[in-house]
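Beneath this line is the structure, given in structure tokens, with notes to follow.
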Amino acid sequence: MRKHIRSTTNLQNKRRMLVFLLCFFLATIALVVRLGFIQIINGEEYKKQAMENWSRDITISAKRGTIYDAKGKKLAVSVNSSTVTCFPADVKKGAQTVEEAQAGDSEANGGSFITSILKKMNKSMFNSDKSTVAESIPVNMKTPEETAKVLSETLEMEYDEVLEKITSNYSYVVLKKWITDEQAQKIRDFELSGINIIEDNKRVYPYGNFAPYVLGFTNIDQNGLYGVEATYNEFLTGIPGRTVVNTDAYGRELPFGYNEYYEPKDGLGVVLTIDEVIQHYAESAAQKVMKDYNAKRATIIVMDPNNGDILAMASKPDYDPNDPKLPIDQVIQQEWTSLPNEELQKAWFDMWRNPAVNDIYEPGSTFKLLTTAIALEENAATVDSTYFCDGFVRQITSNNIKCWRYYRPHGEQTLSEAIQNSCNDALAQIGLDIGKDPFYKYLKSFGLEEQSGIMLNGEALGLIKEPINMKDVDVVTQAFGQGVAVSPIQLITAVSAITNGGNLMGPRIVKQLIDEDGNVEKNFEPVVRRRVISEETSNIMLSIMKDSAEAGTKQAYRPGYRIGGKSGTAQKVIDGKYVDGKFISSFVGTAPVDNPRAVALVMVDEPDRSIGYYGSIVAGPVAADLLENIMKYYDVEPVYTEEELGHVEAQTVEVPDLLGLSIAEATDKLIKAGLESNITIEVEAEKTIKAQFPKAGEKVGRHSMVTLILN
């Protein structure tokens, strides 16, 4: 019986042993499978997670491409700067380490007898005494509160704001961009856990409020928002770099750990068609006319009619892209301080919009150039055509439309004289002679119903009526520039087509993309959109424009420089209604008429009526002075009649030598000589002159502009 029991017991033990071995074998197999699954199948994923835990990947901003003028002058640059970043987890980890170390010190002095014995054994076996633990903790390890105090004082930020950022749940935060070198060094000296100083770039516009509507500006992340900065952002941006390093538990870089640097690739440079000298002329002229006539705004565009290049684009008042939210005008600054946030944002957007591209207006009599060109091209008029003005447009009996000089009618006049006189009566007849269908076809061909294609954001479309909606009265009013709306860029592009032989060009604001070594990556060639009129019609129009400037807008006449053009005075339309007493005074002209090199459009919005508001008086002289300065800059030789030569010699002065003088001394010397300088930005009085145009000794007209280039 006992033997049977013993045998049964042995059998049961063997079974248990077999079950145990089977379970052990199965567990081993499962562990091997699991280990293989982890190492082989998910190995790369776990490796990636491990790398993320003990590595830091910091983005290095690429330097944004430089924006140059047509001659290589730097108008927008990126400068090296430093930015403070934070890994909040490392800041918190540092605080926990400090607390654990402090807790360990207190526990070492207390606890049970057994605990004390175990700690002594641990100390003797692993030599983990108090001094060794302390040595493993960074000397400058601080709590988040202490870190926030140091950073807020150094960076001149609010303590609560800093503390909130460095203890947030984000993996990575930017504390402050573009700090000074002194601030960066001070933070480095503190060796704060989780706080890093990284390389960064800051966008700088060295000439302040110079061509801001062309250049635009960038946001804090260096993305373009307006102007060329926005439209060519993909080329300017570049490719960011990276720094990947191994760190210890305290966020410190391991001396022999993995360290990889991926160099950023800088953005491409953008070469504008803008000429810095001509832009200075335009900026000075816009500022002066706005001040002289107490106007709401002045806008000027200068275009090369032969290739569509925008040589200058200025509008005053403007803003400084270095600080685009701050108006330059002190009065406006004060007014904005009390604006609610929603109204303040609207004020910013209004300040940033480019009037030369984003706004449309009724052009008034400058539009008569287009009507006349269409009539000549359609054989609805010739140079021998005559028109009679009795003060009223008799062809439209249901409307009381009259000539601006109805009180003393122009009487019999030729086509050229009608443009000189800016006669509404004559233009009404010309419009009717053209007919609504051909009139619409040519206005559309001049590009007034489409965007010009200029690479600046927010371009507006013109408004012209289609033939189906056009009555005779609409043809008449559009013929002399009412009931039609265009943007300044559309008008100057259309007038350029009249002066260049008949080709409608695409306005070009950027001509090249270049790399950091100056190698051309891409050329933007001039674009001929279409032929609008014949070369013969263009030549006749240039002659008419010359007569108009010399005999009509007499204030636009400049001896020797063969300026042609047309003035306009248009009543403003606000909310669909003409507003009494508010006008846009304008002039569009070209020089020289025998070989046009530049077309200029000057618009003055709401000049003070008590001073003057007619385009011939307000805008004509500004455009003429501007074109004369440009022709001198281009070394275009003036061609004088004998009468003009005697008059010019009496008004000629010699340009003094200004090289090496301070800006204050040079300005005084120019004033005494009867000349002016084109310095429009605030500069230090001690700055010296390194170049001048025209050069010393050259003969120029009194009150001419002298360009000063400073050190």
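The values are calculated or read from the model by the stated rules, or taken from the named source; none is laboratory data. From a predicted model like this one, the values you see are computed outputs, not experimental measurements. Methodologically, a virtual Cβ is constructed for each residue, glycine included, from the backbone with ideal geometry; neighbour enumeration extends over all protein chains shown.
Counting the residues of region 507-534 that are under 20 Å from residue 378 (Cα atoms) and surrounded by 19 or more Cβ atoms within 10 Å (Cβ to Cβ) gives 2.
Of the candidates 83, 59, the single residue that is under 24 Å from residue 219 (Cβ atoms), modelled with pLDDT of 75 or more and in a strand (DSSP E or B) is 83. Of all the criteria given as (1) surrounded by fewer than 23 Cβ atoms within 10 Å (Cβ to Cβ); (2) in contact with a Cys (Cβ under 7 Å, 6 or more places away or on another chain), the one not satisfied by residue 402 is (2). Considering 569, 537, the condition of being surrounded by 15 or more Cβ atoms within 10 Å (Cβ to Cβ), at pLDDT 95 or above and not in a loop (DSSP other than H, G, I, E, B) is satisfied by 537 alone. Residues in region 164-173 that are surrounded by fewer than 18 Cβ atoms within 10 Å (Cβ to Cβ) and assigned to a helix (DSSP H, G or I): 164 alone. Count of region 572-599 residues, restricted to those that are crowded, with 18+ Cβ neighbours inside 10 Å and assigned to a strand (DSSP E or B), is 11. Within region 405-430, restricting attention to residues that are part of a helix (DSSP H, G or I) and of a type in the set (Asp, Glu), the residue that is surrounded by the most Cβ atoms within 10 Å (Cβ to Cβ) is 425. Listed conditions (1) buried (at least 19 other Cβ atoms within 10 Å of the Cβ); (2) part of a helix (DSSP H, G or I); (3) of a type in the set (S, T, N, Q) are all met by residue 543, apart from (1). Note on region 637-661: among residues that are closer than 13 Å to residue 559 by Cα and assigned to a loop (DSSP other than H, G, I, E, B), the one that is modelled with the lowest pLDDT is 651. Of all the listed residues (399, 379, 341, 358), the sole one being in the same structural domain as residue 477 (by TED's automatic domain parsing), more than 26 Å from residue 618 (Cβ to Cβ) and in contact (Cβ under 8 Å) with a residue 40 or more places away in the chain is 399. Take the conditions (1) at pLDDT 70 or above; (2) closer than 30 Å to residue 176 by Cα; residue 31 misses just one of them, which is (2).
Part of a loop (DSSP other than H, G, I, E, B), more than 24 Å from residue 489 (Cβ to Cβ) and without any contact (Cβ under 8 Å) to a residue 40 or more places away in the chain: does that describe residue 609? Yes: the conditions hold for residue 609. The listed residues are 293, 319, and the only one of them that is closer than 17 Å to residue 357 by Cα, surrounded by 19 or more Cβ atoms within 10 Å (Cβ to Cβ), among the aromatic types (Phe, Trp, Tyr) and assigned by TED's automatic domain parsing to the domain that holds residue 631 turns out to be 319. Look at (1) more than 41 Å from the chain's Cα centre (by Cα); (2) more than 23 Å from residue 463 (Cα to Cα); (3) not in a loop (DSSP other than H, G, I, E, B) and you find that residue 433 fails only one, number (2).
For region 601-633, taking the residues that are within 17 Å of residue 579 (Cα to Cα) and aromatic (Phe, Trp, Tyr), the one that is surrounded by the most Cβ atoms within 10 Å (Cβ to Cβ) is identified as 613.
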